[in-house]
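Enquirer: I have a structure here, written as structure tokens, and I will follow up with some questions on it.
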Amino acid sequence: MLFSTSHRNITDSWSGLRHANIIKTGEERYCIVAEWESMEALAASRPQMLATLDSFRETLEDLGGGLGVTDPVAGPVLLSVK
């Protein structure tokens, strides 16, 4: 699976990444939930995240509605449990 293979070594290139989980949300659909040292660290790693995406971009389908092939979102932790 190209998607998961492309993300195996992201800790080496996504500076400031503390932890990430890749979740399969459907057939050929995935979500990454990641924890960063700060919003600044996340922003600084965007070029490396795009490079990861570019490594398999040709395999992605357009989501429609003007989203393109990704639907990125980010924000602060609202509630942390365990």
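Enquirer: Every residue in the range 53-82 that is among the β-branched types (Val, Ile, Thr) and farther than 23 Å from His19 by Cα, please.
Expert: Taking the range 53-82 first, the residues among the β-branched types (Val, Ile, Thr) are 59, 69-70, 73, 77, 81.
Thr59, Val69 - these are the residues of the range 53-82 that are among the β-branched types (Val, Ile, Thr) and farther than 23 Å from His19 by Cα.
Enquirer: What pairs can you find where one residue is in the range 18-30 and open to solvent by less than 90 Å² (accessible area, probe 1.4 Å), the other is hydroxyl-bearing (Ser, Thr, Tyr) and at pLDDT 85 or above, and their Cβ atoms are less than 7 Å apart, with a gap of 6+ or different chains?
Expert: Ile22/Tyr30; Ile23/Tyr30
Enquirer: Test each condition in (1) surrounded by 10 or more Cβ atoms within 10 Å (Cβ to Cβ); (2) among the hydrophobic types (A, V, I, L, M, F, W, C); (3) within 14 Å of Pro72 (Cα to Cα) for Val33 and report the one that comes out false.
Expert: Going through the list (1) surrounded by 10 or more Cβ atoms within 10 Å (Cβ to Cβ); (2) among the hydrophobic types (A, V, I, L, M, F, W, C); (3) within 14 Å of Pro72 (Cα to Cα), Val33 breaks only (1).
Enquirer: Condition first: surrounded by 12 or more Cβ atoms within 10 Å (Cβ to Cβ) and of a type outside the set (Phe, Trp, Tyr). Now tell me which residues in the range 1-17 satisfy that. Spell out the reasoning first.
Expert: We begin by selecting, within the range 1-17, every residue surrounded by 12 or more Cβ atoms within 10 Å (Cβ to Cβ); these are 3, 6-7, 10-11, 13-17.
Within the range 1-17, Ser6, His7, Ile10, Thr11, Ser13, Ser15, Gly16, Leu17 meet the criteria.
The values are calculated or read from the model by the stated rules, or taken from the named source; none is laboratory data. None of these values were measured; they are calculated from a predicted model. With ideal geometry, Cβ positions are generated from the backbone for all residues, glycine too; neighbour counts draw on all protein chains shown. In case anyone asks, the SASA skips ligands and DNA or RNA and just uses the protein heavy atoms, side chains included. Shrake-Rupley method; radii C 1.70, N 1.55, O 1.52, S 1.80 Å.
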